[in-house]
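Single-structure report; data block below.
The values are calculated or read from the model by the stated rules, or taken from the named source; none is laboratory data. Since this is a predicted model, take the numbers as computed values, not measurements. Counting neighbours? That spans all protein chains shown, and the Cβs are built from the backbone with ideal geometry, glycine included. Ligands, DNA and RNA are stripped out before the accessible areas are found, and what is left, the full protein with its side chains, is counted by its heavy atoms. Shrake-Rupley method; radii C 1.70, N 1.55, O 1.52, S 1.80 Å.
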Amino acid sequence: DTGVSQDPRHKITKRGQNVTFRCDPISEHNRLYWYRQTLGQGPEFLTYFQNEAQLEKSRLLSDRFSAERPKGSFSTLEIQRTEQGDSAMYLCASSPLDQPQHFGDGTRLSIL
Amino acid sequence: GEDVEQSLFLSVREGDSSVINCTYTDSSSTYLYWYKQEPGAGLQLLTYIFSNMDMKQDQRLTVLLNKKDKHLSLRIADTQTGDSAIYFCAETPTGGGNKLTFGTGTQLKVEL
């Protein structure tokens, strides 16, 4: 059990660029979650998958945000046309069905 | 709606007990969690309690749940400098797909 892995750990990009983050969950965890954490706040839920199905995406912050989990294993979160307000820590978590979530170390996004 | 509140800061001396408090509004919460976050890192699951329990103890950690008042607390016995971190309370509502709603976090500072 190597834990939840996120890549990259830190991403610096210019406003207007697209960015993609990857999350590798703990193997055999069928649920995968994305959260966003801004400075001084708790994580905020964005979306989650059960296997390859995206079961809730209403909390994605705008249509610039999208997530995929094509084979039910790793997941990607893409932000298109980044804005200053997208600067945050993006956290991924995974869990077996209805069990506690385990988090990765996050990807910190900085928009110049 | 879902809302979770915590006090922002707590300072204790090494060896004393720490008590971190949390209140929540969603009466349908099924599980309540405590996570720990160290600087630049993701969230580490410390413990959790099911809503039909009122106490859970795990080594130095004791969780108390008052469901009537929607109040959750985490007591850390014999607090050590390594316990310095931000502690988040979180809840999952019934039928919520296990997505977590977090408080803003309590920063615990342990002084020698």
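Some points to look at:
- Between chain A and chain B, roughly 1600 Å² of accessible surface gets buried, counting both sides and using a 1.4 Å probe.
- Equivalent ellipsoid semi-axes, the range A:5-112, via Cα gyration tensor eigenvalues times 5, rooted, Å: 22, 14, 12
- Alpha carbon convex hull of the range B:26-112, volume per residue in cubic angstrom: 99
- Applied to the range A:95-112, the Karplus parametrisation 6.51 cos²θ - 1.76 cosθ + 1.60 on θ = phi - 60° returns per-residue 3J(HN,Hα) values of 7, x, 4, 6, 10, x, 8, 10, 9, x, 7, x, 10, 8, 9, 10, 9, 7 Hz, with x for Gly and Pro.
- Mean partner shielding of peptide B:101-112, defined as the number of other chain Cβ atoms within 10 Å of each residue Cβ, is 2.
- A cut-off of 5 Å between modelled amide H atoms, ignoring neighbours fewer than 5 places along the same chain, links B:A85 with B:L108.
- Binning the C-alpha pair distances of the protein assembly as shown at 5 Å intervals from 0 yields a P(r) profile of 1, 7, 15, 18, 18, 16, 12, 7, 4, 1, 0 %, listed from the shortest bin outward.
- The separation of the range A:1-59 from the range A:62-112, counted between C-alpha centres, amounts to 2 Å.
- ³J(HN,Hα), Karplus 6.51/-1.76/1.60, whole Hz, each residue of the range A:37-50, x for Gly, Pro: 10, 9, 4, x, 10, x, x, 10, 5, 10, 6, 8, 10, 10
- Integer Hz, Karplus 6.51/-1.76/1.60 couplings in order for the range A:58-74, x for Gly and Pro: 5, 8, 4, 6, 6, 6, 7, 9, 8, 9, 9, 8, x, 10, x, 10, 6
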